[in-house]
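Step one of this worksheet: look at the structure below.
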Amino acid sequence: MRKRKNYGTANIVGATIERLRSSNKISQKDFIAKIQVEGVDINPSSYSKLEGQLRTATDREIFVIAKILNVKVDDLFKP
């Protein structure tokens, strides 16, 4: 995986989500599919922007992502 050079400022969870997803060896494509199965309508571009901190993350997205990664929601807010 290529490391992002710059992150935006639209959310504070994106970089942590990217790190946790990658450390679990889950591709973006597979992760997006898991999010969609949980009922969150998200497309690859929107998800990439979430990880890149270029758009805000909804409470539902954060909740579902924490569930999929098997972490507490609070853990997504830790650098």
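Read the figures in this text as sums done on the coordinates, not as results from a lab. If you're wondering where the values come from, they're calculated on a predicted model, not measured in any experiment. Quick reminder, even Gly has a Cβ in these numbers, built from the backbone with ideal geometry, and neighbours come from all protein chains shown.
Under a Cβ-Cβ cut-off of 12 Å, what is the net charge of the residues other than S45 that fall near it, where Lys and Arg count +1 and Asp and Glu count -1? Present the calculation step by step, with values, prior to reporting the outcome.
On the way: positive: K49, R55; negative: E51.
So the surrounding residues net to +1.
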- Item | ³J(HN,Hα) computed for each position of segment 36-52 - Karplus, 6.51 cos²θ - 1.76 cosθ + 1.60, integer Hz, glycine/proline x | 5, 4, 7, x, 9, 7, 9, 10, x, 5, 5, 5, 4, 5, 5, 4, x
- Could you please rank Y7, Y47, placing first whichever residue has the fewest other Cβ atoms within 10 Å of its Cβ? Y7, Y47
- Message: Please compute the Kirkwood hydrodynamic radius of segment 27-71 from all pairs of different C-alpha atoms, in Å with one decimal.
- Response: 10.5
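Suppose a student asked you for the relative contact order of the chain, using Cα pairs under 8 Å spaced at least 6 residues apart; what percent would you report? Present the calculation step by step, with values, prior to reporting the outcome.
Values: 79 pairs, mean separation 33.3, N = 79.
Computed value for the chain: 42 percent relative contact order.
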- Query: Of the trypsin sites (Lys or Arg not before Pro) in segment 2-50, which ones lie in a loop per DSSP and count no more than 16 other C-beta atoms within 10 Å?
  - Reply: R2, K3, R4, K5, K25
